[in-house]
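The values are calculated or read from the model by the stated rules, or taken from the named source; none is laboratory data. Keep in mind that what you see is a predicted model, and the values were worked out from it rather than measured. Heads up, the Cβs are rebuilt from the backbone with ideal geometry, glycines too, and the neighbour counts pull from every protein chain shown.
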Ligand code: AMP
Ligand code: GLY
């Protein structure tokens, strides 16, 4: 089977690595890909918002399945585009249609969906410019910290958590006045939940689902979870506190009602569902939905999948997921993200990267590209060093040893991934 994988980050390198291990694969194309993905298939330079270009590529390369890595093309309707095109409709896309992707594309929609299906999430109200005064009054009813969220996609930056009521009111004004462009035309204000976050993943064929290994990511740039938010500085899987009892609650209270809700809404959802959860005193609550794999969570979840991932995608396409037999490694996986100095603020690109031969980690590229002199940095997050181990700390030791061996100017990584889990099992 010829497969086209869309995206260019560490998540896509992990997917390409896994897809290439399948005996069902003939040719793999990655658009646009990075220096790492080109080891497993052919990179094709392409703008993911140009659906016509994706169509032409699909036909020219005789693509038989499309896997979508990031959220934007899903929210923009790439799956609908295929289903509505006579030349493309027989080609399955792994990734939900627009009506499903809106679970990530609109926080207001996600909250309404969760309320309708009784899925535990923080209490909330949504506001626009027309009822900004009600928004301020709602803030007065809540207590600090105040959580304000841009409704739409804002490149991971659309959530503000503020301690001061007056600051929260001005933030609401700024957001509704276009701070995040159209994404903040509507603002969701919600109650603050206190606990430890984790990411749970499922795949669904639109009827049934399978839960994948959970993970925990580390979003802040600084050690001890301080400083600015990033795309993710590292991740571990499994998550020690996500024991059977907790995961049973996640399935019963969150995963199953979500999938049943999608079925009830007649939403044709074929792909990954990412549940951003928070553990509040032993009970899981939903912070957000995403409609794709996480990054860097993919770099620790995918290595723990032992069975053939293309077979899994075929089950999703055929709506036979219930019969699928997915096997997971009992071993742990951890990843440490190496980033460009300055990230998530300004940073420079084009720095030469030296990667020695490494046998006890998997080196997933994120922001890298090839030029005449070798591999150079091309983004803020540069390389995810993933390792398997008996437990997450054993895995982290290997990732840290190898992150020390990979060099580029101004490299930075957090030295404390997993720190908060150390004394809790
Ligand atoms: P989101 O983009 O929805 O994942 O939000 C970004 C981050 O804000 C989350 O990862 C949480 O750390 C935090 N956050 C969002 N909503 C809440 C909430 N209701 N209570 C506490 N923290 C939250
Ligand atoms: N690591 C969080 C995300 O992929 O959104």
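Residues are listed down the side, and each one gets a yes or a no for (1) away from ligand 1 (no atom under 16 Å from the Cβ); (2) farther than 19 Å from residue 421 by Cα:
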| position | (1), (2) |
| --- | --- |
| 230 | no, yes |
| 256 | yes, yes |
| 283 | no, no |
| 288 | no, yes |
| 293 | no, yes |
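Within segment 80-96, can you find the residues that are surrounded by fewer than 18 Cβ atoms within 10 Å (Cβ to Cβ) and in contact with a helix residue (DSSP H, G or I) (Cβ under 7 Å, 6 or more places away or on another chain)? Quick ask: steps written out before the conclusion?
Of the residues in segment 80-96, the ones surrounded by fewer than 18 Cβ atoms within 10 Å (Cβ to Cβ) are 83-87, 89-90.
85, 87, 89, listed by residue number.
Every listed requirement among (1) surrounded by fewer than 18 Cβ atoms within 10 Å (Cβ to Cβ); (2) in a helix (DSSP H, G or I) is met by residue 104 save one, (1).
If we only count helices (runs of 4 or more DSSP H) wholly inside segment 241-356, which ones have 1 or more residues that are in contact (Cβ under 8 Å) with a residue 60 or more places away in the chain?
Once the helices (runs of 4 or more DSSP H) in segment 241-356 are filtered for at least 1 residues that are in contact (Cβ under 8 Å) with a residue 60 or more places away in the chain, what remains is 256-264, 298-301, 309-318.
When residue 224 is tested against the conditions (1) under 20 Å from residue 194 (Cα atoms); (2) away from ligand 1 (no atom under 15 Å from the Cβ); (3) assigned to a loop (DSSP other than H, G, I, E, B), the lone failure is (2).
List every residue pair whose Cβ atoms sit under 6 Å apart, with the two residues 6 or more apart in sequence or on different chains, where the first one lies in segment 225-239 and is under 18 Å from residue 380 (Cα atoms) and free of Cβ contacts under 8 Å to residues at least 24 places away in the same chain and the second, anywhere, is more than 14 Å from ligand 2 (Cβ to nearest atom) and not in a strand (DSSP E or B). Within 6 Å, no pair qualifies. Within segment 123-134, identify whether any single residue is closer than 22 Å to residue 289 by Cβ, within 10 Å of ligand 1 (Cβ to nearest atom) and either touching a strand residue (DSSP E or B) at 6+ places or on another chain (Cβ under 8 Å) or not in a helix (DSSP H, G or I) (or both), and answer yes or no. Yes, there is a match, as at least one residue in segment 123-134 is closer than 22 Å to residue 289 by Cβ, within 10 Å of ligand 1 (Cβ to nearest atom) and either touching a strand residue (DSSP E or B) at 6+ places or on another chain (Cβ under 8 Å) or not in a helix (DSSP H, G or I) (or both).
Against the list (1) more than 30 Å from residue 28 (Cβ to Cβ); (2) within 16 Å of ligand 1 (Cβ to nearest atom), the condition residue 176 fails is (2).
Check 294, 282, 261, 276 and return the single one that is surrounded by fewer than 19 Cβ atoms within 10 Å (Cβ to Cβ), within 16 Å of ligand 2 (Cβ to nearest atom) and modelled with pLDDT of 95 or more. Give the derivation first.
Numbers: 294 fails: surrounded by fewer than 19 Cβ atoms within 10 Å (Cβ to Cβ); 282 fails: within 16 Å of ligand 2 (Cβ to nearest atom); 261 fails: within 16 Å of ligand 2 (Cβ to nearest atom).
Criteria check complete, one pass: 276.
Close Cβ contacts (under 9 Å, 6 or more residues apart or on different chains) running from residues in segment 100-112 that are over 14 Å from residue 154 (Cα atoms) and at pLDDT below 95 to residues that are part of a helix (DSSP H, G or I) and within 16 Å of ligand 2 (Cβ to nearest atom) are absent. Among the residues of this structure, residue 87 does not count as one that is farther than 30 Å from residue 244 by Cα, in contact (Cβ under 8 Å) with a residue 12 or more places away in the chain and within 14 Å of ligand 1 (Cβ to nearest atom). Residues in segment 146-195 that are assigned to a strand (DSSP E or B), out of contact with any helix residue (DSSP H, G or I) (no Cβ under 6 Å at 6 or more places or on another chain) and within 15 Å of ligand 2 (Cβ to nearest atom): 159 alone.
If you go through segment 207-221 and pick out every residue that is more than 12 Å from ligand 1 (Cβ to nearest atom), part of a loop (DSSP other than H, G, I, E, B) and either more than 30 Å from residue 327 (Cβ to Cβ) or touching a strand residue (DSSP E or B) at 6+ places or on another chain (Cβ under 9 Å) (or both), you end up with 3.
Yes/no matrix, rows are residues, columns are (1) over 18 Å from residue 386 (Cα atoms); (2) surrounded by fewer than 22 Cβ atoms within 10 Å (Cβ to Cβ):
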{"position": "203", "(1), (2)": "yes, no"}
{"position": "207", "(1), (2)": "yes, yes"}
{"position": "220", "(1), (2)": "yes, yes"}
{"position": "232", "(1), (2)": "no, no"}
{"position": "235", "(1), (2)": "no, no"}
{"position": "239", "(1), (2)": "no, no"}
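Considering segment 135-161, the residues that are away from ligand 1 (no atom under 11 Å from the Cβ) and either free of Cβ contacts under 8 Å to residues at least 12 places away in the same chain or farther than 18 Å from residue 183 by Cβ (or both) include one that is surrounded by the fewest Cβ atoms within 10 Å (Cβ to Cβ), namely 141.
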